[in-house]
Amino acid sequence: MNDNFDFKNLAISNIIDDETEFIPLLSADDEEQMNSEKTPDELPILPLRNTVLFPGVVIPITVGRDKSIKLIKDAYQGNKTLGVVSQKNDNIEDPKESDLNKIGTVALILKMLRMPDGNTTVIIQGKKRFKIKEVTQSEPYLRATIEPYNQVEKPSGKNFNALVGSIKDLASQIIEQSPNIPTEATFAIKNIESPTFLINFIASNMKGSVAEKQGLLEVPELNERANKLLEHLSKELQLLELKNDIQSKVRHDLDRQQREYFLNQQIKQIQEELGGDPVQQEIEEFKKKAEKKKWPKEAKKRFEKELEKLARLNPQAAEYSVQHNYIETLVELPWLDYSKDNFDLKRAQKILDRDHFGLEKVKERIVEHLAVLKLKGDMKSPIICLYGPPGVGKTSLGKSVAEALGRKYVRMSLGGLRDEAEIRGHRKTYIGAMPGRIIQNIKKVNSSNPVFVLDEIDKLGNSHQGDPSSALLEVLDPEQNSTFYDNFLELDYDLSKVLFIATANSLSSIQPALRDRMEIIEMTGYTVEEKIEIAKKHLLPKLLKNHGLSKKHLQLSSSVIEKVITEYTRESGVRLLEKTLAKVVRNTAKQIAMEENVTDIKVTANQLHEILGPGHSKDKYQGNDVAGVVTGLAWTSVGGDILFIETSLSKGKGKLTLTGNLGDVMKESAVIALAYLKAHSDIIGLTSEVFDKWDIHVHVPEGATPKDGPSAGITMLTALASAFTQRKVKNKLAMTGEITLRGRVLPVGGIKEKILAAKRAEIKEIILSEDNKKDILEINKKYLEGLTFHYVKTMMEVVEIALLKQKVKDAVKIG
């Protein structure tokens, strides 16, 4: 049977028109005539599965069951009258009496049609309601005795008229709100004069279940039926308004998307006319690049998968740009592309010597690495950390190493870096995600084995965003970095062929685990002699070129450059020296600009004061006329220096006073030296009681400068011994070494800087620990000319070498 019948079924009139018949709506006269007709005592019963027939209403039904077809044919050939009753359960194929509702409608067959699909459609009109008394026949179809089921009386009055008017208005609103109901239905409703037929017509065509419609059919009193119908229509209208509201919102979004889609299609069409779709062109370019690419199987497989995904994405989607960036990164990374190493060791040594003066250990390590590569053909690159004071050429050395090896060069500054994602990258689920700076720089140089300088590794920070120094552990571990994992890339990348060179000013601030992974090479400060050579070979030619001058315009002698170094700069490196020489060059440029055709300007030592102002005097040896004053050697962050230990005695009870802004270790050296002299006073010709009669004051000049360390131990011992014996200290003698209570002299560090400081101060003899002899052998012999070294093992040897038999003038009587 047909589905629930609603207002759209009014279009059945079209079928009638096609057959040149017209069935008008029920008029008041027709209704009166219909009501006056006698109800038969027995009728064939037609079960309806999914609709309810109301009196006066015309509906089409499709007949499918064999029994129903037989019944219709027999009735059509007879008086065309039958009883129509709805089923309680529409799933029952062969309903019995218990499966049918008791209240039904007498129906008249108006027309029977054979449809193209073979089914039979019957147009029937309801007449009067009836109630089944008893089923008298079940085969070939149901027949039953019936009795009339009519309303008690026909209601009237203002209230009923208002009720009918409300039902008309609600029905009209539902028709307007429903897109599937033809607007002609509104005219049909307005033209119905009979209130009873209006209520039955709307009840038959309303959107409701069979049970709801059957309930309305069974209400005997018309007024009550009208109220129930009004209640149902109100609910239906509310649901319809809500549905339309939701659909209008959804339609707005869909309309906008469809509009964008059509516009994009039009743009695509125009672009194809002009020369192809740019999105498709990009995908083709990616494919061409991939064909020429040398990369691992995993990377190639991932690229192909992600490219397919990109081709399916809408270019306007937010995810498209992320996907595009990812594929672009994959295809532009060098993967298995390596620059070929130049194994000419002599050329490499020449380049390193050309660009940097000194730094022999670093150069030696680079040449060793190149030699092993040449012999073995393949090896994991070392992780080198160049550690030293600022301005000694750590960073610039990376460029020279890259040129010497024939590799690409890339530098990454780590100073102030606080985010772990800067090293490992962001996950590509984030908008604006990108790979870490390691992968970015590898992509930039387009080589998987560059010289990679990690500048200022000691100045890495950390924050709530992670600890980048911990992220670097994987990068700088030769056992792990062959499978470096970047969060954006989501693939392992081989960094084992990269030559990492880290630079640092201080090792103390580098995480111990990170420091352990690196090969530490200390770069000490330059000597004055080295600085002179650097100024002549590198700094001065560079400055002259930068200021538009040539060698013929300015000449500086070695003595003038030395004066600039010693009196105007105090540093380990050459940065301040470069700035100071730049001032001299600018002064020359000014002279040439003001007086044309001026060449060959020679700046003398006296002219430096006019250009640079007064300089600070360098430390000089101060003689040996005063007992208790001894020259020591010290190491500072800006190079070596000399210092003086002064000892003064005054009558007292043996109190020891130490001044000069000394650290704890240096104070302990003075206490050890005094304790040793007291224990071995007979060696220097004194009795132990002497030390209890004199107060001792030890002072180190330049009190504003903090001083610490054990290397002044033998100097303090010699100063105390000279003060108590009043013997002269050997002329132009300096010393450095740590002491112990047992009388041993231990080695100290910074020997190269200390020796050069001694030479600058015109010292001729130096006392050192026997164990420091190896340090002297590493120093270039030309820096040792004119110096005599005394290597000692015990403190008494120091006293014997340092003190002369001759006493000072106006010696104080101590014993």
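The values are calculated or read from the model by the stated rules, or taken from the named source; none is laboratory data. None of these values were measured; they are calculated from a predicted model. So basically every Cβ, Gly included, is an ideal-geometry build from the backbone, and we count neighbours across all protein chains shown. The accessibility values were calculated without ligands, DNA or RNA, using every heavy atom of the protein model including side chains. Shrake-Rupley method; radii C 1.70, N 1.55, O 1.52, S 1.80 Å.
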Being in contact (Cβ under 8 Å) with a residue 60 or more places away in the chain and in a loop (DSSP other than H, G, I, E, B) is the filter here, so list the residues in segment 51-86 that pass it. THR51, VAL52, LEU53, PHE54, GLY56, VAL57, GLY64
Collect the residues in segment 595-619 that are modelled with pLDDT of 80 or more and surrounded by 14 or more Cβ atoms within 10 Å (Cβ to Cβ), keeping them in residue-number order. VAL603, GLN607, LEU608, ILE611, LEU612
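Take ALA185 and tell me if it is under 23 Å from LEU48 (Cβ atoms), among the aliphatic types (A, V, I, L, M) and modelled with pLDDT under 80. If you could, list the steps in order and put the result at the bottom.
Working: under 23 Å from LEU48 (Cβ atoms): yes; among the aliphatic types (A, V, I, L, M): yes; modelled with pLDDT under 80: yes.
It is true that ALA185 is under 23 Å from LEU48 (Cβ atoms), among the aliphatic types (A, V, I, L, M) and modelled with pLDDT under 80.
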Restricting to segment 641-678, name every residue that is assigned to a helix (DSSP H, G or I), open to solvent by less than 70 Å² (accessible area, probe 1.4 Å) and farther than 25 Å from ALA761 by Cα. VAL665, ILE672, ALA673, LEU674, ALA675, TYR676, LEU677
Those residues that are farther than 17 Å from SER381 by Cβ and of a type in the set (Val, Ile, Thr), I need them from segment 393-430; list them, please. THR395, ILE423, THR429
So, SER339, is that one among the polar types (S, T, N, Q), modelled with pLDDT of 85 or more and not in a helix (DSSP H, G or I) or not? yes
Could you give me the residue pairs with C-beta distances under 6 Å whose first residue belongs to segment 111-135 and is in contact (Cβ under 8 Å) with a residue 12 or more places away in the chain, whose second residue is assigned to a strand (DSSP E or B) and basic (Lys, Arg) wherever it lies, and which are 6+ apart or on separate chains? ILE123/LYS111
Those residues of segment 474-486 which are surrounded by fewer than 19 Cβ atoms within 10 Å (Cβ to Cβ) and either among the polar types (S, T, N, Q) or farther than 19 Å from ARG411 by Cα (or both) amount to PRO478, GLU479, GLN480, SER482, THR483, TYR485
For ILE532, the lone unmet condition from (1) touching a residue at least 40 places away in the same chain (Cβ under 8 Å); (2) in contact with an Asp or Glu (Cβ under 8 Å, 6 or more places away or on another chain) is (1)
Taking the stated definitions as given, is SER321 assigned to a helix (DSSP H, G or I), of a type in the set (Gly, Ala, Ser) and closer than 25 Å to ASN446 by Cα? yes
Examine segment 187-204 for a residue that is open to solvent by less than 10 Å² (accessible area, probe 1.4 Å) and within 60 Å of the chain's Cα centre (by Cα), and state whether such a residue exists. no
GLY703: passes all of (1) under 15 Å from VAL665 (Cα atoms); (2) open to solvent by 20 Å² or more (accessible area, probe 1.4 Å) but (1)
So which of VAL498, VAL475 ends up being without any contact (Cβ under 8 Å) to a residue 60 or more places away in the chain and in contact with a Phe, Trp or Tyr (Cβ under 9 Å, 6 or more places away or on another chain)? VAL475
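Of LEU539, LEU554, which residue is open to solvent by less than 50 Å² (accessible area, probe 1.4 Å) and either on the phi > 0 side of the Ramachandran plot or more than 44 Å from the chain's Cα centre (by Cα) (or both)?
LEU554
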Count of segment 355-401 residues which are in contact (Cβ under 8 Å) with a residue 12 or more places away in the chain, assigned to a loop (DSSP other than H, G, I, E, B) and open to solvent by 50 Å² or more (accessible area, probe 1.4 Å): 2
Over segment 426-447, the set of residues out of contact with any Leu (no Cβ under 7 Å at 6 or more places or on another chain) and at pLDDT 85 or above is HIS426, ARG427, MET434, GLY436, ARG437, ILE438, GLN440, ASN441, LYS444, VAL445, ASN446, SER447
Residue under question is SER559, and the condition is that it be among the hydroxyl-bearing types (Ser, Thr, Tyr) and not in a helix (DSSP H, G or I); does it hold? no
Within segment 117-129, is there a residue that is modelled with pLDDT under 85 and surrounded by 15 or more Cβ atoms within 10 Å (Cβ to Cβ)? yes
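Each row is one residue, and each column tells you yes or no for (1) in a strand (DSSP E or B); (2) surrounded by fewer than 24 Cβ atoms within 10 Å (Cβ to Cβ).
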{"residue": "ASP682", "(1), (2)": "no, yes"}
{"residue": "ILE696", "(1), (2)": "yes, yes"}
{"residue": "THR718", "(1), (2)": "no, no"}
{"residue": "GLU738", "(1), (2)": "yes, yes"}
{"residue": "ARG742", "(1), (2)": "no, yes"}
What strands (runs of 3 or more DSSP E) lie completely within segment 750-811 and have 1 or more residues being in contact with an Asp or Glu (Cβ under 9 Å, 6 or more places away or on another chain) and under 26 Å from HIS680 (Cα atoms)? 765-769, 788-792
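A quick yes/no check of all residues on (1) touching a helix residue (DSSP H, G or I) at 6+ places or on another chain (Cβ under 7 Å); (2) within 20 Å of SER400 (Cβ to Cβ); (3) of a type in the set (Ser, Thr, Tyr):
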| residue | (1), (2), (3) |
| --- | --- |
| ASP458 | no, no, no |
| GLY461 | no, no, no |
| ASP467 | no, no, no |
| LEU472 | yes, no, no |
| SER496 | yes, no, yes |
| PRO541 | no, yes, no |
| LEU544 | yes, no, no |
| LYS552 | no, no, no |
Between a first residue in segment 677-692 that is in contact (Cβ under 8 Å) with a residue 24 or more places away in the chain and a second residue that is part of a helix (DSSP H, G or I) and basic (Lys, Arg), which pairs have beta carbons less than 7 Å apart while being 6 or more apart in sequence or on different chains? PHE691/LYS678
